[in-house]
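First the structure, in the form of structure tokens, and then the observations on it.
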Amino acid sequence: MAHDPHQNQARDTSRDIYVRTEIGTGAKLFFGSALFILFFLIVSLNLPLETLNAPQWLIELQTNLLNLSKALAPYLIVGVLGSIVGIAELTSAFQTYPREAMRTRWAKILIGVNSSTAILALGITRLTMPTMNSTLQVILVGLGFQSLIRTKFVLAKQIGSKDGSGEISVNIGWLYDQFQNLCRTQIDLELMNNRRTAVTDLLLHYPSLTELYDIAYYTIIARATLSPSEEEERLSRLEKLIDPSAPENFAKTSIALLILENGGPGYVNLLMDQAHQTSPEGAATAVFTTEQLVTRMVNEFSLERLVELAEKMTAAEDVLEWIREAAKPNPGTSESNQKAAICHMIIQQTGVEAVQKAITQEKI
């Protein structure tokens, strides 16, 4: 028995929903366990063991651990501050997908580099300035170092220069800028795969152009943080995408991407969950993609039947004339290529859904 690719995609979507749930549960379990362990350590290190007649070795162990925690606390603080700065950079660069961006491998590298360099800077500071107050060292490194590695010092500037030409400067942050740009590019490329998957899922579960338009329109007007001008600009973009002269598949894909950009991945996941719950068999009856439909028509239609189908579906004489001409025998072109060209023309003129409905009625 042949397997329906749409049914396979429906199962994949169901599995994705399960995986997202498992990841969320795992994250909660991890942070809950970490907080419990931290609370346990704080309580254990501050218990008055001497008054409780505890063994001497346990008292010494507590003292050593307490001294170790006091020694490591400054490094932990500057490391956390460095991580916060890295997270802030990511969220400002990827405002539409902040959580997804932070889950990528290069985001973890960026955060790790910010944290580890801050810890290293504190270590160097303590070695070179051992007499400085520890609290001042933490403040100096935790806040000052993060600013320093992103700073460009202009030593001299030409009078009247507006583009920076002729200035003498020391760009301490150049190396970090290059690293930051590398991370940003790699994160964006990784997110590109996720965006494509989300758009494909939207098209699978919401194949109607009208339905996609309604979702996109609601998504834009429901945003509470958009200014009137921003809302108007996005609605204008949406209106341009439903231009009848635009190819239907292009319009659908662009509107799905617009939904993702305005609603975010979490909103798209919600739409997928709702579609999966309300219509578990919806994916099995979804329209074909253009490539799938063209392949089916090429395999099951003759050139003559394609011409007949075109005559039933469109009255545009120039289009019909082109199709009739393309269906004539051509020694320099294979019949499959002729069929494919005609199929693409029919779909472009009438849309995937209309063509699929027409060939289904003919009981191919």
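The values are calculated or read from the model by the stated rules, or taken from the named source; none is laboratory data. Note that the structure is a prediction, hence the values are computed from the model and not measured. Here the Cβ is made from the backbone with ideal geometry for all residues, glycine too, and neighbour counts use every protein chain on show.
Tabulated results
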{"item": "Number of the exception - Cys343 against (1) in contact with a Ser or Thr (Cβ under 8 Å, 6 or more places away or on another chain); (2) modelled with pLDDT of 85 or more; (3) within 26 Å of His205 (Cα to Cα)", "result": "(1)"}
{"item": "Residues (touching a helix residue (DSSP H, G or I) at 6+ places or on another chain (Cβ under 7 Å) and not in a helix (DSSP H, G or I)) located in the range 317-333", "result": "Ala327, Asn330"}
{"item": "Candidate set: the range 183-240, residues that are of a type in the set (Asp, Glu) and closer than 23 Å to Glu100 by Cβ; chosen: the one surrounded by the most Cβ atoms within 10 Å (Cβ to Cβ)", "result": "Asp201"}
{"item": "Options Thr210, Thr225; residue that is assigned to a loop (DSSP other than H, G, I, E, B) and on the phi < 0 side of the Ramachandran plot", "result": "Thr225"}
{"item": "Scan of the range 190-215 for residues that are out of contact with any helix residue (DSSP H, G or I) (no Cβ under 9 Å at 6 or more places or on another chain) and not hydroxyl-bearing (Ser, Thr, Tyr), ordered by number", "result": "Met192, Asn193, Arg196, Glu211, Asp214"}
{"item": "Residues within the range 50-83 that are modelled with pLDDT under 80 and touching a Ser or Thr at 6+ places or on another chain (Cβ under 9 Å), tallied", "result": "0"}
{"item": "Pairs where the first residue, in the range 233-255, is of a type in the set (Lys, Arg) and the second is surrounded by fewer than 17 Cβ atoms within 10 Å (Cβ to Cβ), C-beta under 9 Å, 6+ apart", "result": "Arg234/Arg223; Arg234/Leu226; Arg234/Glu261; Lys240/Ala246; Lys252/Ser208"}
{"item": "Residues that are surrounded by 13 or more Cβ atoms within 10 Å (Cβ to Cβ) and in a helix (DSSP H, G or I), drawn from the range 81-94", "result": "Leu81, Gly82, Ser83, Ile84, Val85, Gly86, Ile87, Glu89, Leu90, Thr91, Ala93"}
{"item": "The listed residue being of a type in the set (Asp, Glu), surrounded by fewer than 16 Cβ atoms within 10 Å (Cβ to Cβ), more than 28 Å from Ala101 (Cβ to Cβ) and modelled with pLDDT of 80 or more, out of Glu291, Glu304, Glu281", "result": "Glu304"}
